[in-house]
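Below is the structure I would like to discuss, written out as structure tokens.
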Amino acid sequence: MNMTGKNCIVTGAASGIGKAIALKYISDGANVAIADLKLDAAQAVAAELTAMGPGRAIAVEMDVTDEDAVNAGVQKTVDDLGSVDVLVSNAGIQIVHRIEDFPFSEWKKMLAIHLDGAFLTTKACLPHMYAQGSGTVIYMGSVHSKEASPLKSAYVTAKHGLMGLSRTLAKEGGLKGVRSHVICPGFVKTPLVEKQIPEQARDLGISEEEVVSKVMLGKTVDTEFTTIEDIANLAWLFAAFPTNALTGQSIVASHGWFMN
Ligand code: NAD
């Protein structure tokens with residue numbers, strides 16, 4: 001299995017998990033559009049990864065909640081790289097509040113980035129994938145696609161929603177060669193998680209050390225964080241897999257926090 005010559009879009013690839021996935025793909029010969037809200041950061045990552053090779057990266061400015069920006073970014077990718085074979089819908093943020101305190105504007109922002117973003121990027125890539133008769137879509141879910149935690153109503157709702165979108169795409173895309181997957185990480189130490197530690201300590205009335213040891217890692221079997229490399233390896237497996245046998249499947253990587 002390898003990804004030589006595959007052309008990919010990874011959203012939110014200027015940081016964290018998305019960047020690690022782009023690195024893994026490029027190191028295996030794929031080309032990757034680093035699609036991110038932050039153009040400067042995307043350009044820096046694209047230059048860094050292209051220098052490592054053997055694949056190459058391009059930077060694409062994209063707010064995944066903006067239909068025109070998504071359509072333009074996907075078209076730019078096809079124009080520059082020649083096709084889109086793999087979409088990793090990964091861009092995401094976290095906002096935590098108790099339900100009764102959750103500002104409606106922040107609820108809508110969460111659903112827009114996670115769900116509208118996944119829908120719009122999928123919708124923009126599918127015509128290209130259907131025309132060539134092949135494609136892989138990978139959604140960045142979470143253990144919270146299958147489990148709930150206090151304070152995370154918007155995130156849990158959005159991440160559960162991705163399961164529905166992925167399964168529907170698996171059924172619609174099956175006879176057209178397009179497959180669909182969800183990766184469900186446990187806690188991975190990225191800027192998204194670093195930001196949550198003081199916020200959860202404040203909202204739960206516990207220390208930051210307790211947030212890490214009890215809330216984040218308390219249910220793992222070995223008190224270890226999942227790593228960006230763990231998730232990149234799974235994203236490689238789904239993208240490089242030689243058949244459509246895994247379509248519609250999700251996989252959890254959480255050091256035993258959630259087992260199914
Ligand atoms: P991160 O903050 O390191 O990276 C997120 C990236 O998304 C950033 O580069 C940011 O600029 C980009 N982004 C944010 N809003 C965007 C928008 N509207 N349009 C385009 N790009 C946008 O976070 P991460 O931890 O790498 O998270 C990546 C994904 O993994 C998210 O979907 C997150 O929910 C998911 N996830 C993370 C963890 C974890 O523990 N870190 C666990 C499970 C799932």
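Read-outs throughout are calculated quantities, based only on the coordinates presented, and are distinct from any laboratory measurement. Since the structure is predicted, the reported quantities are computational estimates derived from the model, not experimental observations. Note that each Cβ is placed from the backbone with ideal geometry, even for glycine, and that neighbours are counted across all protein chains shown.
Let's test this: bin the Cα-Cα distances of the chain at 5 Å from zero up to the farthest pair and state each bin's percent.
1, 7, 14, 18, 20, 17, 12, 7, 3, 1, 0
Can you show me the helix-derived [θ] at 222 nm for the chain, built from DSSP H runs with n ≥ 4 at -39,500 (n - 2.57) apiece and divided by the number of residues, rounded to the nearest 500.
-14000 deg cm²/dmol
How far is helix 117-132 tilted off the main Cα axis of the chain, in degrees rounded to 10, range 0 to 90?
Result, in degrees: 20.
Report the trypsin sites (Lys or Arg not before Pro) located in segment 97-186 that are in a DSSP loop and have at most 15 other Cβ atoms inside 10 Å of their Cβ, or state none. Could the numbers behind the result be given before it?
On the way: sites: 98, 108, 109, 123, 146, 152, 159, 167, 171, 176, 179; in loops: 98, 146.
Counting only loop positions with at most 15 other Cβ atoms within 10 Å, the trypsin sites (Lys or Arg not before Pro) in segment 97-186 are 98.
Provide 32, 64, 156 in ascending order of the number of other Cβ atoms located within 10 Å of each residue's Cβ, fewest first.
Fewest to most other Cβ atoms nearby, the residues stand as 156, 64, 32.
Can you give me the three principal axis dimensions of segment 93-195 from its C-alpha atoms, in Å, biggest first?
Rounded to whole Å, the extents work out to 46, 26, 22 Å.
Stokes-Einstein diffusion coefficient for segment 52-116 at 4 °C in a medium of 1.567 mPa s, Rh from the Kirkwood formula over Cα pairs: what value in µm²/s?
It comes out at roughly 92 µm²/s.
Okay, moving on. Based only on Cα atoms, what Rg/Rh ratio does segment 209-260 have, Rh being taken as Kirkwood's radius? Show your work: numbers first, answer last.
Numbers: Rg = 13.9 Å, Rh = 12.7 Å.
Ratio of gyration radius to Kirkwood radius for segment 209-260: 1.10.
Take 120, 39, 234 and order them by how many other Cβ atoms sit within 10 Å, fewest up front. Mind dumping the intermediate values first?
Details: 120 24, 39 14, 234 21.
Starting with the residue having the fewest Cβ neighbours, the order is 39, 234, 120.
What do the square roots of 5 times the Cα gyration tensor eigenvalues come to for segment 1-154, in whole Å, largest first, as semi-axes of the equivalent ellipsoid?
Output for segment 1-154: semi-axes of 28, 16, 15 Å.
For 181, 114, which order do you get if you count the other beta carbons within 10 Å of each Cβ and list the fewest first?
181, 114
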